[in-house]
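For reference, the structure discussed in these notes is given below.
The values are calculated or read from the model by the stated rules, or taken from the named source; none is laboratory data. Since the model is a prediction, treat every value here as computed from it, not as a measurement. In this analysis, Cβ positions are derived from the backbone assuming ideal geometry, glycine residues included, and neighbour counts consider all displayed protein chains. Each accessible area value is taken on the protein alone, full model and side chains, heavy atoms only, with ligands, DNA and RNA left out. Shrake-Rupley method; radii C 1.70, N 1.55, O 1.52, S 1.80 Å.
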Amino acid sequence: MIGTMRHNLQIIPIPAFKDNYIWLIHNHQQAVIVDPGDATPVQETLQRLQLDLTTILITHHHHDHIGGVVELQSAYPHARTYAPKREQYQFQHTPVSEGDTVNLAEFSLQLAVIDLPGHTLGHIAYYIERGSEGDVENLLFCGDTLFGAGCGRLFEGTPAQMYDSLQKLAALPQDTKVYCTHEYTMHNIEFAMTLESNNQQLVKRQQDTIKLRNLQQPSLPSTIGLELATNPFLRCTSPEIQSSVQLPNAPALQVFSTIREMRNHY
């Protein structure tokens, strides 16, 4: 699936490893790469499309998101790299956290940084808000925090941190396109169906995702609106979900903690 933006910008997923997507943003000349865990498919794509890599964006420190950075920096020494301020990296980078912006001058775009502790303590996202001209979509590059119909594992943070991080994302405009970094959607939907099988929007999403995957197309990007309607980790106040986990009228954080632990073993 390819997204289009201002000035004929495009967003393309580069498959890597078993189920990663490395997102490529380009304007037919310059390119931005998000979470390059493997340099080889990135370089092949840049060469095939005759693109110059100008910016590397990192959401967190896990190897499948940063493993290709050093090689790409060597091949494109002028490229700028941005990474979370609250994490440590061996490669040269500009540290950023919430309140900072990343200026992509060649694209006339600014990315707001959002702190999202949970999956890792320093995890961040990059958010592009529609401009006043109305010709730029709202775009979210959220790493391993919010997935299609799911959320990331808690490797470092607490359930409360992850829940609060997800609530930040849930408050973004519903038409915001969500570019996460793993093709987990089908398995996440199967888990969600065990909790909320009467959710007709979830049933439709399952059908739509099966069609996409059968055509070997990505299930991403999704939207914040679609996640609000179908993602159990954003639906912890749903009576059906609460009933499924035997926590009627329980606090949303308790429900979230329960279903996150359940998902670990699904």
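Listed values, structure above:
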quantity	calculated
Whole-number D in µm²/s for region 1-74 (Stokes-Einstein; Kirkwood sum over Cα pairs; 25 °C, 0.890 mPa s)	201 µm²/s
Computed [θ] at 222 nm, helices only, for the chain once each DSSP H run of length n ≥ 4 contributes -39500 (n - 2.57)	-9500 deg cm²/dmol
Taking N as its residue count, the alpha carbon Rg of the chain over 2.2 N^0.38 Å	0.99
Global geometry of region 60-166, whether rounded, prolate or oblate, following the gyration tensor of its Cα atoms and the 1.5 cut on a/c	oblate
Förster-model FRET efficiency, 30 Å R0, residue 155 and residue 28, C-beta, rounded to 0.05	0.20
Cα→Cβ-extended label distance, 7 Å offset, between residue 212 and residue 52, nm	3.4 nm
Cβ-defined net charge surrounding residue 120, 12 Å radius [Lys, Arg +1; Asp, Glu -1]	-2
At q = 0.17 Å⁻¹, base-10 log of I(q)/I(0) for region 66-117 (Debye sum, equal scatterers on each alpha carbon)	-0.60
Share of carbon and sulfur in the accessible heavy-atom surface of the chain [1.4 Å probe, %]	48 percent
Largest-first ellipsoid semi-axes for region 125-198, taking √(5λ) over the Cα gyration tensor eigenvalues, angstrom	24, 16, 11
Under the Karplus curve 6.51 cos²θ - 1.76 cosθ + 1.60, θ = phi - 60°, whole-Hz ³J(HN,Hα) for region 33-38, x wherever Gly or Pro sits	10, 10, 6, x, x, 9
Peptides 215-222, 141-148, 58-65 ordered by average Cβ neighbours within 10 Å, highest first	141-148, 58-65, 215-222
Cα gyration tensor of region 114-266 - equivalent ellipsoid semi-axes, whole Å, descending	23, 20, 14
Positive minus negative residues near residue 26 (Lys, Arg vs Asp, Glu; Cβ under 12 Å)	-1
DSSP-defined antiparallel bridges as percent of all bridges, the chain, nearest 5	65 percent
Cα Rg, Dmax (largest Cα-Cα span) when computed across region 1-134, Å	14.1, 40
FRET E, pair residue 264, residue 164, Förster distance 25 Å, beta-carbon r, rounded to 0.05	0.80
Shape call, region 164-232: gyration tensor on alpha carbons, a/c limit 1.5	oblate
Efficiency of FRET between residue 18 and residue 63 - r from beta-carbon atoms, R0 22 angstrom, step 0.05	0.95
Cβ-defined net charge surrounding residue 100, 11 Å radius [Lys, Arg +1; Asp, Glu -1]	-1
Shape of region 30-107, Cα gyration tensor, a/c cut at 1.5	oblate
